[in-house]
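Below: one structure, written as structure tokens.
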There are 2 protein chains.
Amino acid sequence: MSQFNVNEFMPYLLYQAAEASGLEFQEVYKRRYGMLRTEWRVLFHLGGNGAMTASQIGALANLHKTKISRAVQKLSDRRFLIRRRDTSDRRSEQLSLTPAGQAVYADLIQVAQSYDQVLLSDLTPHEAQVLRRTLHKLCSKDMPRFT
Amino acid sequence: MSQFNVNEFMPYLLYQAAEASGLEFQEVYKRRYGMLRTEWRVLFHLGGNGAMTASQIGALANLHKTKISRAVQKLSDRRFLIRRRDTSDRRSEQLSLTPAGQAVYADLIQVAQSYDQVLLSDLTPHEAQVLRRTLHKLCSKDMPRFT
DNA sequence: GCTTGTTAGTTACAAAAACAACTATTACAG
DNA sequence: CTGTAATAGTTGTTTTTGTAACTAACAAGC
């Protein structure tokens, strides 16, 4: 029937690699701070970009507003971020990390950087470069609809 | 504080690429056959390897036994696979696709192949090759524990 | 002003995944 | 044999996620 091999199917392979590489990092933010995936993502975006609104984060991180809403709620409960209602548009609010949140961010980027180093240590600089480039291409790629 | 950029953090980038590339394919197996991720995976492994036990699939696909159990249940309900109790060890059963299941498999690998083609169409052959190689490396990499 | 439409974000409910405890069977030590 | 441990797989319960419906605020046309 086929010479098809699932393990070479790109979405499958990507998912496996993502899961394998994300597992240990998940352990860290989960155990240390009781955070969920969406939460560390929101935290990282805020940490890297300063104050943002929920929808800005959503657009940047490709996250649905409900996910963000809940993540923000939890981060706020834990005093990792503060919400400041926008005076010019009171529907939205500016989110920014508290000092505590910044400390968490600082801690986690340390871990993340060590992570990346370990992950890339098996790759040549050229491989790492091509990997990055191709992944970015795949991210921005919009697929045709197979209806 | 940092020149750290989440978008370049490998687990994050991998996950984004995996999600972006998997979305459209998910649409297909979901709409056409009402299947879940674990289900198409199990189906694909069976389609590619012939009869296997649940634990063999689990080992191969890095899936937890409970996930597989439920996926097998559903595939069996839909008559896409049959379970045959192993005579020598009655704890386990050999799973294999029915003709109907093979038809679904045949259909989906078509889609998968088109998919891969589209995904890789933006990459040079060399990029595609490096991408594959590096992803495999990342999959088999075991990370040190950051306890 | 007042309707209609849009955007920001929340909440409620349904679907799916993760985790733990369980049954049935086999393996093996004594 | 018999008791203990290990393996295959299932079931039950809790978390997380996904989806849809909702409220509040703004925007624009009339």
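The values are calculated or read from the model by the stated rules, or taken from the named source; none is laboratory data. The model shown is predicted, which means the values in this text are computed figures rather than measured ones. So basically every Cβ, Gly included, is an ideal-geometry build from the backbone, and we count neighbours across all protein chains shown. Heads up: the accessible areas ignore ligands, DNA and RNA and are worked out on the full protein's heavy atoms, side chains in. Shrake-Rupley method; radii C 1.70, N 1.55, O 1.52, S 1.80 Å.
Worth a mention:
- Calculated accessible area for region A:17-140 comes out at 51 Å² per residue, all protein chains present (probe 1.4 Å; ligands, DNA, RNA ignored).
- Estimated vicinal HN-Hα couplings, Hz - region B:113-126 in sequence order (Karplus 6.51, -1.76, 1.60; Gly, Pro = x): 5, 4, 4, 4, 4, 5, 4, 7, 5, 8, 9, 6, x, 5
- Alpha-carbon centroid distance for the pair region B:109-139 / region B:1-22, whole angstrom: 18 Å
- With its label point defined 7 Å out from Cα along the Cα-to-Cβ axis, B:H64 lies at 2.1 nm from the matching points of the other copies, in increasing order.
- Inter-chain shielding of A:47-53 (mean C-beta neighbours from other protein chains, 10 Å cut-off): 2
- Net length gained if the chain between A:E19 and A:T87 were fully extended (0.36 nm per residue, minus Cα distance): 20.4 nm
- Per-residue [θ]222 nm for chain A (sum of -39500 (n - 2.57) over DSSP H runs n ≥ 4, rounded to 500): -21500 deg cm²/dmol
- Residue order for B:E93, A:E127 - accessible surface, 1.4 angstrom probe, largest first: B:E93, A:E127
- Derived scalar couplings between HN and Hα for region B:69-78 equal 3, 6, 5, 4, 4, 5, 5, 5, 4, 8 Hz in order, rounded to whole Hz, by the Karplus curve 6.51 cos²θ - 1.76 cosθ + 1.60 (θ = phi - 60°), x for Gly and Pro.
- Accessible surface buried once A binds B (1.4 Å probe; total of both sides; Å²): 7100 Å²
- Förster-model FRET efficiency, 35 Å R0, B:A103 and B:R133, C-beta, rounded to 0.05: 0.55
- For region B:25-111, the set of trypsin sites (Lys or Arg not before Pro) satisfying both a DSSP loop assignment and a count of at most 13 other C-beta atoms within 10 Å is given as B:R79, B:R90, B:R91.
- Positions from region A:106-122 whose accessible area shrinks by 40 Å² or more when the full protein complex is built, not the chain alone, probe 1.4 Å: A:I109, A:Q113, A:Y115, A:D116, A:V118, A:L119, A:D122
- Hz values of 3J(HN,Hα) by residue in region B:94-108 - Karplus curve (6.51, -1.76, 1.60), Gly and Pro given as x: 7, 10, 8, 6, 7, x, 4, x, 5, 5, 4, 4, 4, 5, 6
- 7 Å along Cα→Cβ, label-point gaps from A:R31 to other copies, nm, shortest first: 4.3
- For A:123-132, mean number of other protein chain Cβ atoms within 10 Å: 5
- Relative to the other identical copies, B:N49 shows label-point distances of 4.2 nm, where the label point lies 7 Å from Cα along the Cβ direction and values run shortest first.
- Net dipole in debye of the protein assembly as shown [+1 Lys, Arg Cβ; -1 Asp, Glu Cβ; about Cα centre; nearest 20]: 1140 debye
- Lys, Arg +1 and Asp, Glu -1 on Cβ, resulting dipole of chain A about Cα centre, debye, nearest 20: 780 debye
- Taking a ≥ b ≥ c as the square roots of the Cα gyration tensor eigenvalues, region B:11-61 comes out oblate, since a/c reaches at least 1.5 and a/b does not exceed b/c.
- The fraction of accessible area contributed by carbon and sulfur in region A:17-140 is 50 percent, rounded to a whole number (1.4 Å probe; ligands and nucleic acids excluded).
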